[in-house]
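Please read the structure below before turning to the comments.
Please treat every number below as a calculation from the coordinates, not as lab data. Just so you know, these numbers come straight off a predicted model, no measurement behind them. Here the Cβ positions follow ideal geometry from the backbone for every residue, glycine too, while neighbour counts run over all protein chains shown.
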Amino acid sequence: MNVVKPLKSADDLVMAGLVAPADRRALEEVAARYAIALTPDMTRLIDRADPDDPIARQFVPDAAELTILPEERADPIGDHAHSPVEGIVHRYPDRVLLKAVHVCPVYCRFCFRREMVGPQGLGTLDAAAMQAAFDYIRGHEEIWEVILTGGDPLVLSPRRLRDIMEALADIAHVKIVRFHTRVPVVDPDKVDAALVDALKASGKTVYVALHANHVRELTAEARAACARLIDAGIAMVSQSVLLKGVNDDPDVLAALMKAFVEIRVKPYYLHHPDLAPGTGHFRLTIEEGQRIVSQLRGRISGLCQPTYILDIPGGYGKTVVSGSTVQARGDGCYSVSDYRGDEHSYPPAE
Ligand SMILES: *Cc1c(COP(=O)(O)O)cnc(C)c1O
Ligand code: SF4
């Protein structure tokens, strides 16, 4: 099917044949709470013959989203606790999030900011709010890095992105500008010469953190979009979420991480799913996650290893959850396990 328009409602999904008409009512209820959007690129990528298609599972809503569990939170990682001015989250001394937009080209069903993003979300910062955000950054010399997130900052026009980059270029203590985005994967044509050019700022090093969760998302078009960014001197890292039914398998994760490295995107974070409302069907236990992640070690190159991360609910920040391979034995020696799970003494007994 030749899809040319984004899908944005339960009706659109029924018309596209991605959900059964019988499910329309329940999905309208989901849509009333959490935004729906699939780009034509992602709609085309769905394998309709596969009932467990990992692309559909990420973007096509499910009635299971109406089940809210007691441990789930509207603000699962505690953004609000650290927001000194609108659009800024300042949790760590040396870096801030700048959330200029709260819309995305796709809406991931497991999104950790699902209560804040979408057409009914927090909207786009107006000119005065942007000025206040830049004033905050200018006034805090400890801010070394500005991380544009949202929403997806690359939905902004090249002109607006250039305005942001020019404002940041004027702030001497900011050395790094990082964008967190899904655009190179879900709308690769948007990454054209004008957009790439807009991301450059004199004196600043630019990183793009690409969010992708399954190797099939890295299509030829997506790979070409990343190459355009990297060839222009922008460094890229990856960001993925460990998701039940999408990538909770060492072979699937290994294929994704290897593909990132092949296209010059350094694997950075693998997130344990956050406690966002109505996302219980995506979550696995920490033990399951640790078991899967420990199987990547040894199986694939060190270049391909992401750090497995949990964002502690309440705004306490990120912590590493990769299982510890080193245990103190109390006699000044350690027990160290190798990638096969075999134990060794350090220093060696003999
Ligand atoms: C995740 C996050 C960052 C970035 O953390 P890194 O470990 O540098 O990738 C910065 N600020 C906030 C509030 C965050 O949630
Ligand atoms: S792109 Fe990011 S912010 Fe947007 S819906 Fe997906 S996870 Fe949420």
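Amide H contacts of Ile88: Lys99, each under 5 Å away and 5 or more positions distant or on a separate chain (H built 1.01 Å from N in the peptide plane; Pro and chain starts excluded).
Which pairs break 24 Å Cα to Cα here: Lys200/Lys266; Lys175/Lys318; Lys266/Lys318? Exceeds cut-off: none, every pair is within range. Ordering Arg223, Arg159 from the fewest to the most neighbouring beta carbons within 10 Å gives Arg159, Arg223.
Only counting other Cβ atoms within 10 Å, I'd like Lys190, Lys99, Lys175 sorted with the fewest neighbours first.
Numbers: Lys190 19, Lys99 25, Lys175 14.
Neighbour counts put them in this order, fewest first: Lys175, Lys190, Lys99.
Considering only beta bridges that DSSP places wholly inside the chain, some 35 percent are antiparallel.
Annotation for Ala232 and Lys266: the two label points, set 7 Å from Cα along the Cα-Cβ direction, are 2.1 nm apart.
Stretched out fully, how many nm does the piece from Glu221 to Cys333 gain, at 0.36 nm a residue minus the Cα gap? Spell out each step's value before the answer.
Details: separation 112, 0.36 × 112 = 40.32 nm, distance 5.16 nm.
Extra length available between Glu221 and Cys333 comes to 35.2 nm.
Using a Gaussian network model of the chain whose springs link C-alpha atoms within less than 10 Å, name the residue from Arg109, Arg73, Arg329 with the highest mean-square fluctuation. Judging by the Gaussian network model, the answer is Arg329.
Please give the length that would be gained between Ala22 and Ala129 if that part of the chain were fully extended, namely 0.36 nm times their separation in residues minus their C-alpha to C-alpha distance (nm, one decimal). Before the final figure, lay out each step's value.
Values: separation 107, 0.36 × 107 = 38.52 nm, distance 4.41 nm.
This chain segment gains 34.1 nm when fully extended.
Here the label points at Asp11 and Leu303, each 7 Å from Cα along the C-beta direction, are separated by 5.0 nm in the simple model. Across region 286-305, the residues whose backbone nitrogen lies under 20 Å from the label position 7 Å along the beta-carbon direction of Lys258 are 292-305.
Please label the shape of region 10-55 as rounded, prolate or oblate, based on the square roots a ≥ b ≥ c of the eigenvalues of the alpha-carbon gyration tensor (a/c under 1.5 means rounded; beyond that, a/b larger than b/c means prolate, else oblate).
Details: a/c = 1.93, a/b = 1.45, b/c = 1.33.
Verdict is prolate for region 10-55.
A crude spin-label estimate for the pair His173 and Asp249, with each label 7 Å from Cα along the Cβ direction, gives 4.9 nm. Counted residue by residue at 0.36 nm each, then reduced by the alpha carbon distance between them, the extension gain from Ala63 to Gln120 reaches 18.5 nm. Of the GluC sites (Glu not before Pro) found in region 165-236, no site is in coil according to DSSP while having at most 13 other Cβ atoms within 10 Å of its Cβ.
Annotation: amide H-H contacts under 5 Å for Leu148 (H modelled 1.01 Å from N, sequence separation of 5 or more, or interchain): Leu98, Arg178, Phe179, His180. Placing R0 at 30 angstrom, the Cβ-Cβ distance between Glu288 and Asp342 gives a FRET efficiency of 0.85 after rounding to 0.05. The ranking of Val155, Val185 from fewest to most other beta carbons within 10 Å of each one's beta carbon is Val155, Val185. Each residue of region 103-116 was assigned a 3J(HN,Hα) from its phi angle through the Karplus expression (A = 6.51, B = -1.76, C = 1.60, θ = phi - 60°), giving 10, 9, x, 10, 10, 6, 5, 9, 3, 6, 10, 5, 7, 10 Hz with x at Gly and Pro.
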